[in-house]
Amino acid sequence: VTAPLVTLLTDYGAQTEHVGALHAVLAAAAPGAGRVDLAHDVPPGDVRWGALLLARLAPLLPAAVHLAVVDPGVGTARPLVAVGLSGGGALVGPDNGLLGPAAAALGAVAAVRLADTGAPATFHGRDVLAPAAARLLTGAPLASLGTPVDPAGIAAPDLPPPHVRPGVLEALAAGRDRFGNLQLLAGAADLAAAGLRPGHRVRVSAGACALEATVARAFADVPPGRAIVHVDAHGAVAVAVNRGDAAAALGTSGGGRVRVVLPDGARG
Amino acid sequence: VTAPLVTLLTDYGAQTEHVGALHAVLAAAAPGAGRVDLAHDVPPGDVRWGALLLARLAPLLPAAVHLAVVDPGVGTARPLVAVGLSGGGALVGPDNGLLGPAAAALGAVAAVRLADTGAPATFHGRDVLAPAAARLLTGAPLASLGTPVDPAGIAAPDLPPPHVRPGVLEALAAGRDRFGNLQLLAGAADLAAAGLRPGHRVRVSAGACALEATVARAFADVPPGRAIVHVDAHGAVAVAVNRGDAAAALGTSGGGRVRVVLPDGARG
Amino acid sequence: VTAPLVTLLTDYGAQTEHVGALHAVLAAAAPGAGRVDLAHDVPPGDVRWGALLLARLAPLLPAAVHLAVVDPGVGTARPLVAVGLSGGGALVGPDNGLLGPAAAALGAVAAVRLADTGAPATFHGRDVLAPAAARLLTGAPLASLGTPVDPAGIAAPDLPPPHVRPGVLEALAAGRDRFGNLQLLAGAADLAAAGLRPGHRVRVSAGACALEATVARAFADVPPGRAIVHVDAHGAVAVAVNRGDAAAALGTSGGGRVRVVLPDGARG
């Protein structure tokens, strides 16, 4: 048998004390488990972006316990849950929308609301969630961690659909990566529905900022410093600047709406 | 028996080449040991904050070798030491205050000054400390690493006590976390001694900056954007802004004094 | 036998989703391999700095598969390669200069151009390179990964030599570390050839910025806040400020030229 595996995804910041605390608790309570950091640079409190990252990263792994903590409501009544997955493994985290997309992607077959351990209200990651993950890793059945809840009721984040009409795609910018690539809540079908095809010159705007871009397949389809609108490696429509920072150029890191417009008469 | 475990805490920055060098040296010389990163984003040279983090994180683990490097005096005469702990394991690092609180928390039962290996004077972490940690991990006795020194003499950092009087708590801001929560060198007893209780409206100031806050138990006790003074998950008095950044609002990241004042007549 | 080992070096940023994706792919496809992060904070697209870091870090480890991704030309025609090393292990990455110095340091004995897997053009790290590394880790022979190419032809980055004359050393600043130490493309012999010796007071300039410094052996040879020019722990000439940030003082993070000048009559 392979060793049990636990992944970590948080908004705690890269290699901060809080990430260290999770690792320490897991190393102490589940010393035989492998640990994989999925991401810790989620912007503080950005549940939606954390949820999207978890849903794209967790499926890369075999059955694992996925510990996720982006929890701006720590200390409020939102429950902490563990969700059993159809292929084995589980999601462990706050039921605030963070787990919804991953639960949908991996198949939620059971869920429990974690029993109140009397932990103080400020560091549930260390005091409640990591210990719960460790119990699963060392063989505890999901049902032993709390009271059953409907796995179909796990909360999903607000993911507003794009507005599409001929020559216009308007979508929420969900987040950015280290390179400034700005990912939109839209997919290849939305781009096609707007009639935007590789080679089209478009105007991309966010608030008061705008830039000219080319609908393209790869960064290298335009010279350095020029922008593209493309379908990225996650299947999402994204705005990128070849060897540059599109998010900075558009003055946004995510959370606002971005418009991609094909000027009249510009169709190739 | 469980595998040997080594933790790493530095001010080298998250996933920098310097952290990579420590991991590489440990992976090469102690391939069977598990490695846990406790924190690497300690502000450069902030020995006090590094010492406090080490003392709170190391006790989360079973017996381990804790390699810690925050060493603004690298190349000076301050010794490099290894400290044997009462529950097994050791601390390895510069004797500049960084190890004192952890030594006190875990119980120092022996100590050696590491033998001079003739390493150049600029990267003791890679050239002296990580190799010493690896020797301990592979079974070398503490005494074989250098000359005995008094474990009671391990240096502690400067931790100035708070000033407390009725309605006033003034304390050093020791550091901040990724969320901008600002931790003070004061505890629940100091808060109580100042007569500050949950529900009190207080004024928090640092230098020329100030904000209004509520003494509270959890972030969620105030609306988003409002500040609290609370006892945090480490037992320290802290200033936080619900879904905001208290350190930025107060214009400090630690190192200066913070005053919490209950206005006359404001007691509930 | 020891477990197989894979190292990771990228410009993906510390503990970002992209680093997480590489770890996830490796943990899934080569679960028995140890993983060591060498560095992920390489400035975006800085192939030269990544190449220098890889060449200094990889030799710290025994035979390993070194997965390196700094690839501003992702999607262009530059090949992806795997390079077999004389002591065992391999380098896996884009053949854009990133692997050259490490190949020279470790001895390249064979190389293949990775077969086109039909992966999309934007995330070769996750889709091509990490899977290739995993295949090597699980025993696949190098030759099975693609078509042979000349290992002597692996690209090296542009490393312009310093200009040296009596009292003057001018060199490219290759990069900086977290402490603001600025590393030059020059070594101890260049410093000596310029007649610069410990104790000399020199002027260091980069563009319009300049500072006074002392040629020294260690940070502690000057008071806090003062600058030194020294041979660092990697054998390179570097500019540093004791407990300060030389790169910030010189207004550069690398990529420009730095001049170290001994004023007339200043020789000790």
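The values are calculated or read from the model by the stated rules, or taken from the named source; none is laboratory data. Every value quoted in this text rests on a predicted model; they were computed, and no experiment measured them. Cβ: placed from backbone, ideal geometry, glycine included. Neighbour counts: every protein chain shown.
Counting only strands (runs of 3 or more DSSP E) wholly contained in region B:50-126, no element carries 2 or more residues that are within 14 Å of chain C (Cβ to nearest Cβ) and at pLDDT below 95. Filter region C:30-46 down to the residues that are small (Gly, Ala, Ser) and in a loop (DSSP other than H, G, I, E, B), then identify the one that is nearest to the other protein chains (Cβ to nearest Cβ). Filtering first and then ranking leaves C:45.
So, of the residues in region A:209-220 that are touching a helix residue (DSSP H, G or I) at 6+ places or on another chain (Cβ under 8 Å) and of a type outside the set (A, V, I, L, M), which turns out to be nearest to the other protein chains (Cβ to nearest Cβ)? The qualifying residue nearest to the other protein chains (Cβ to nearest Cβ) is A:214. Which members of region A:5-55 meet the condition of being surrounded by fewer than 24 Cβ atoms within 10 Å (Cβ to Cβ) and at positive phi? A:13, A:45, listed by residue number.
Of all residue pairs spaced 6 or more apart or on separate chains, those with beta-carbon atoms under 6 Å, a first member in region B:38-60 that is without any contact (Cβ under 8 Å) to a residue 40 or more places away in the chain and a second member that is in a loop (DSSP other than H, G, I, E, B) and among the aromatic types (Phe, Trp, Tyr) are B:40/B:12; B:44/C:179. So which residues in region B:95-107 are under 24 Å from residue B:74 (Cβ atoms) and touching a Gly at 6+ places or on another chain (Cβ under 7 Å), if there are any at all? B:96, B:98, B:99, listed by residue number. Tell me yes or no: at least one residue of region A:56-77 is basic (Lys, Arg) and either under 19 Å from residue A:124 (Cα atoms) or buried (at least 23 other Cβ atoms within 10 Å of the Cβ) (or both). Taking every residue of region A:56-77 in turn, none turns out to be basic (Lys, Arg) and either under 19 Å from residue A:124 (Cα atoms) or buried (at least 23 other Cβ atoms within 10 Å of the Cβ) (or both). Every listed requirement among (1) touching a Lys or Arg at 6+ places or on another chain (Cβ under 8 Å); (2) on the phi < 0 side of the Ramachandran plot is met by residue C:237 save one, (1). Does residue C:22 satisfy the criteria of being of a type outside the set (Asp, Glu) and more than 14 Å from chain A (Cβ to nearest Cβ)? No: the conditions fail for residue C:22.
Within region A:211-222, is there a residue that is surrounded by fewer than 16 Cβ atoms within 10 Å (Cβ to Cβ) and in a strand (DSSP E or B)? Write out each step before concluding.
To start, the set of residues in region A:211-222 that are surrounded by fewer than 16 Cβ atoms within 10 Å (Cβ to Cβ) comprises A:212, A:217.
Filter again for in a strand (DSSP E or B), leaving A:212.
Yes, the conditions are met somewhere in region A:211-222.
Taking residues in region B:140-165 that are in a helix (DSSP H, G or I), and partners anywhere that are basic (Lys, Arg), the pairs with Cβ atoms closer than 7 Å and at least 6 places apart or on different chains are B:145/B:135. The criterion of being within 24 Å of the chain's Cα centre (by Cα), at pLDDT 95 or above and crowded, with 18+ Cβ neighbours inside 10 Å holds for residue C:184. Just the residues that are crowded, with 18+ Cβ neighbours inside 10 Å and either touching a helix residue (DSSP H, G or I) at 6+ places or on another chain (Cβ under 6 Å) or more than 13 Å from residue C:179 (Cα to Cα) (or both), please, taken from region C:242-251. If the condition is that a residue be crowded, with 18+ Cβ neighbours inside 10 Å and either touching a helix residue (DSSP H, G or I) at 6+ places or on another chain (Cβ under 6 Å) or more than 13 Å from residue C:179 (Cα to Cα) (or both), then C:242, C:250 are the ones that fit.
Among the residues examined, residue A:199 does not qualify as surrounded by 16 or more Cβ atoms within 10 Å (Cβ to Cβ), touching a residue at least 12 places away in the same chain (Cβ under 8 Å) and at positive phi.
Of the residues making up region B:221-268, those that are within 12 Å of chain A (Cβ to nearest Cβ), in contact with a Pro (Cβ under 9 Å, 6 or more places away or on another chain) and small (Gly, Ala, Ser) number 2.
For the criterion of being surrounded by 21 or more Cβ atoms within 10 Å (Cβ to Cβ) and not hydroxyl-bearing (Ser, Thr, Tyr), residue C:118 fails. Residue by residue through region A:141-167, note down the ones that are farther than 15 Å from residue A:98 by Cβ and β-branched (Val, Ile, Thr). Those that are farther than 15 Å from residue A:98 by Cβ and β-branched (Val, Ile, Thr): A:147, A:149, A:164. When you look at residue C:234, is it touching a Phe, Trp or Tyr at 6+ places or on another chain (Cβ under 9 Å) and not in a strand (DSSP E or B), yes or no? Criteria met by residue C:234. Write out, first by first residue and then by second, each pair whose Cβ atoms fall under 6 Å of each other, whose residues are 6+ apart or on separate chains, and whose first residue, in region C:223-243, is closer than 17 Å to residue C:192 by Cβ while the second is of a type in the set (A, V, I, L, M) and in a loop (DSSP other than H, G, I, E, B). Listed by first residue and then by second, the contacts come to C:228/C:216; C:228/C:222; C:230/C:216. Within region A:52-87, track down each residue that is over 15 Å from the mean Cα position of the chain (by Cα) and among the hydrophobic types (A, V, I, L, M, F, W, C). A:61, A:63, A:64, A:65, A:74, A:77, A:80, A:81, A:82, A:83, A:85 - these are the residues of region A:52-87 that are over 15 Å from the mean Cα position of the chain (by Cα) and among the hydrophobic types (A, V, I, L, M, F, W, C). Being surrounded by 23 or more Cβ atoms within 10 Å (Cβ to Cβ), away from chain B (no Cβ under 14 Å) and under 26 Å from residue A:28 (Cβ atoms) is a property that residue A:142 lacks. For region A:1-19, the set of residues classified as more than 19 Å from the chain's Cα centre (by Cα), among the β-branched types (Val, Ile, Thr) and more than 10 Å from chain B (Cβ to nearest Cβ) consists of A:1, A:2, listed by residue number.
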